[in-house]
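Asker: To start, I am sharing the structure in question, which I have written as structure tokens.
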Amino acid sequence: MQIKIQFRLVIFTLLLFLFSFSTSAQTPRPNFNRVRTFDVQNYIIRTSFNRLNKTVYGDTTVQLKPLKDGFKTFELDAAEMRFESVKLEPGNIDVAFKTSGEKIYLTLDKAYSPTELISLRFKYSTKPNKGIYFVDAEIEDGKTIRNAQVWTQGEAEEAHFWFPSYDFPDDKATSEQFITVDKGETAIANGELLEEVENADNTKTFHYKMPVPHSTYLTSFVVGTYSKVSDSYKNIPLGFYLYPGQESVAQKSYGKTKDMMRVFEELTGVAFPYNKYDQTIVANFQFGGMENITATTMADTEILFNPPEIVEDLVSHELAHSWFGDLVTCRNWAELWLNEGFATFMEAAYRERMYGRDDYLRKIREDAAQYFVDDAIKKSRHGLFNQLARPDNSIFDVTTYQKGGAVVHTLRETVGTENFWKAINIYLNRHKFQNVETPDLQKAMEEASGKDLNWFFGQWVYGGGYPKINVKQTYNAATKRLNLTVAQTQTIDKITPRAFVLPMEIEITTAAGTKIEMVEIKKRVENFSIKVEGKPTKIVFDKDEKIPLKSVKIQPLIMVKAKG
Ligand SMILES: [Zn+2]
């Protein structure tokens, strides 16, 4: 997912009016996982609509296996659905059920064991206020500007508003969809389009199959009147779905998709994991884009009206989720940074390959700047591991995205570029089609680099905030020593460290030239005495911007007069 650029601009605007530093202590919540008693294998979702009263007719088969013997009663997530029937297949056996809140509670005919596949078919209707969104046609002076649409949004937990499911990221299943739409409309969904069938009632049914297991929230469809522009990368078909008459946008907005796939394959060493990649624009989308597996959805306003560099970042961000988010998926919402921090970092990684290091650093610097502003106006802090995570839109924030991206950059600089990509390759291959947590990433980084990274993950992932450094400098011409008093002045709270560990390159300029001095800052207040031949005219902390998430104030140089 990408946060809309408008939203980001709001944050910048807020800076002009508000600049207060406030942090409040938060209690870390260590376990965000959900208890699961079964393993869904496959969903078959058949969907049709009454467009006039915005009703969805659903017919979903959930195929699951128990995790333990004696499996008879269980629950699925299902919100605001009117169930016509729940049957066990084959045999068409009625299943006793009751609904309450956002759940359906089921009692099977007998106890089942983990070797048995249970196939349950649900028929229902719903008028969802989440999960599926109906968009009316746009008509001006009797002329249709844009046809009506119906589309889904699953993340964080909205899939269970349109199909009964285990709606949490830690269970991956394959999926198959049959979507019945008006003749003349197109349905775009996950995986391969197997067939389009014309029905007698002037409707058409699209049949898609996603043969690779994925988390529930990545299940999606888009229905509307579209013109498809096709391309390919290696043997992977690429589809760009635009409104009729706007086909020329495809090359401008999506023309680099192939380059991005190649760059991401080269960097990660992992081939694009699926058999197609579609990108579709929709109206009234809440976010910039959403990485529905093999079928990314994007806000039409973002694609049609934003400057090319913003569109490029959106396209590369969503594509990067094919590896970070869709192939390996955060186990729970507290670990969302493993999806979003990486997708944000990959925007910069693509830029580095295409336009060079300066453009890469510009992007990282901008992400860091957004985080500083957000942190200044936000009432509470959380780590990249989000101790405040709730299953709603509050988790899609600047800490998880922009700070996440900047921390991934610092991680890369800490372990070295070669080790970093080696670790990414280990991490992706080891956990592909599964879920991940921060320790999985840490382990891969430690293996590839041979370094202990507890300190790094402790302060940058589980901790919060960022270091604020104040430097006092004196130079003694007699002893030729530059004395630096480095104080960390960040306000301490439950997750913000009293002292960050900061391996820091200091560039010192004198009349004779420049030299780099490596120091490791690790205390609240610390002195460093450095031999410097001649009066320093300038010092720069972290010239190569390895640690963008910091503020540094350097006081003017004081000369110490030699006495006597
Ligand atoms: Zn994203």
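Asker: Can you name the residue in region 379-427 that is basic (Lys, Arg) and either surrounded by fewer than 18 Cβ atoms within 10 Å (Cβ to Cβ) or assigned to a helix (DSSP H, G or I) (or both) and is also modelled with the lowest pLDDT among such residues?
Answerer: Kept after step one, since they are basic (Lys, Arg), are these residues of region 379-427: 379, 381, 390, 403, 412, 422.
Add one more test, that the residue is either surrounded by fewer than 18 Cβ atoms within 10 Å (Cβ to Cβ) or assigned to a helix (DSSP H, G or I) (or both), and what stays is 379, 390, 403, 412, 422.
Details: Lys379: 89, Arg390: 92, Lys403: 98, Arg412: 98, Lys422: 98.
Of everything passing the filter in region 379-427, Lys379 is modelled with the lowest pLDDT.
Asker: Scanning region 84-117 for residues that are polar (S, T, N, Q) and over 22 Å from Lys68 (Cβ atoms), which turns out most open to solvent (accessible area, probe 1.4 Å)? Show your work before the answer.
Answerer: Of the residues in region 84-117, the ones polar (S, T, N, Q) are 85, 92, 99-100, 107, 113, 115.
Filter again for over 22 Å from Lys68 (Cβ atoms), leaving 85, 92, 99-100.
Numbers: Ser85: 23, Asn92: 96, Thr99: 75, Ser100: 62 Å².
Only one residue fits best here, namely Asn92.
Asker: Let me ask something additional. For the structure I just gave you, tell me whether Asp359 is at pLDDT 95 or above and open to solvent by less than 10 Å² (accessible area, probe 1.4 Å).
Answerer: Considered against the rule, which asks whether it is at pLDDT 95 or above and open to solvent by less than 10 Å² (accessible area, probe 1.4 Å), Asp359 comes out as no.
Asker: Among the residues of region 122-135, count how many are within 20 Å of Thr61 (Cβ to Cβ) and assigned to a strand (DSSP E or B). So that I can check it myself, show each step before the final result.
Answerer: Taking region 122-135 as the starting set, the residues that turn out to be within 20 Å of Thr61 (Cβ to Cβ) are 122-126, 128, 131-132.
This time we only want the ones that are assigned to a strand (DSSP E or B), so: 122-126, 132.
The qualifying residues number 6.
Asker: Count, please, the residues in region 56-81 that happen to be within 30 Å of Asp201 (Cβ to Cβ) and open to solvent by 10 Å² or more (accessible area, probe 1.4 Å). Write out each step before concluding.
Answerer: Of all residues in region 56-81, those within 30 Å of Asp201 (Cβ to Cβ) come to 56-63, 78-81.
Still in the running and open to solvent by 10 Å² or more (accessible area, probe 1.4 Å): 57, 59, 63, 80-81.
Qualifying residue count for the region: 5.
Asker: So which residues in region 457-471 are touching a helix residue (DSSP H, G or I) at 6+ places or on another chain (Cβ under 6 Å) and touching a residue at least 40 places away in the same chain (Cβ under 8 Å)?
Answerer: Within region 457-471, the first condition is being touching a helix residue (DSSP H, G or I) at 6+ places or on another chain (Cβ under 6 Å), and the residues that meet it are 457, 460-461.
If the condition is that a residue be touching a helix residue (DSSP H, G or I) at 6+ places or on another chain (Cβ under 6 Å) and touching a residue at least 40 places away in the same chain (Cβ under 8 Å), then Trp460, Val461 are the ones that fit.
Asker: Inspect all residues belonging to region 243-262 and state whether any of them is part of a strand (DSSP E or B), buried (at least 19 other Cβ atoms within 10 Å of the Cβ) and not β-branched (Val, Ile, Thr).
Answerer: Just the residues of region 243-262 that are part of a strand (DSSP E or B), to begin with: none.
No, there is no match, as no residue in region 243-262 is part of a strand (DSSP E or B), buried (at least 19 other Cβ atoms within 10 Å of the Cβ) and not β-branched (Val, Ile, Thr).
Asker: Quick one: in region 325-346, which of the residues that are within 11 Å of the ligand (Cβ to nearest atom) and acidic (Asp, Glu) is farthest from Met261 (Cα to Cα)?
Answerer: Residue satisfying both the conditions and the ranking: Glu340.
Asker: For a quick check of your reading: which strands (runs of 3 or more DSSP E) sit entirely within region 136-199 and have at least 1 residues that are under 24 Å from Pro237 (Cα atoms) and free of Cβ contacts under 8 Å to residues at least 40 places away in the same chain?
Answerer: Values: elements: 138-140, 143-146, 149-152, 172-182, 186-189, 192-198.
Correct list: 186-189, 192-198.
Asker: Looking at region 133-159 only, could you name the residues that are farther than 21 Å from Ala283 by Cβ and open to solvent by 10 Å² or more (accessible area, probe 1.4 Å)?
Answerer: Result: Glu157, single match.
Asker: Inspect all residues belonging to region 298-314 and state whether any of them is away from the ligand (no atom under 12 Å from the Cβ), at pLDDT 95 or above and within 19 Å of Asn33 (Cα to Cα).
Answerer: Within region 298-314 (the criterion being away from the ligand (no atom under 12 Å from the Cβ), at pLDDT 95 or above and within 19 Å of Asn33 (Cα to Cα)), the answer is no, since none of the residues qualifies.
The values are calculated or read from the model by the stated rules, or taken from the named source; none is laboratory data. These numbers come from a predicted model, not from an experiment. Counting neighbours? That spans all protein chains shown, and the Cβs are built from the backbone with ideal geometry, glycine included. Ligands, DNA and RNA are stripped out before the accessible areas are found, and what is left, the full protein with its side chains, is counted by its heavy atoms. Shrake-Rupley method; radii C 1.70, N 1.55, O 1.52, S 1.80 Å.
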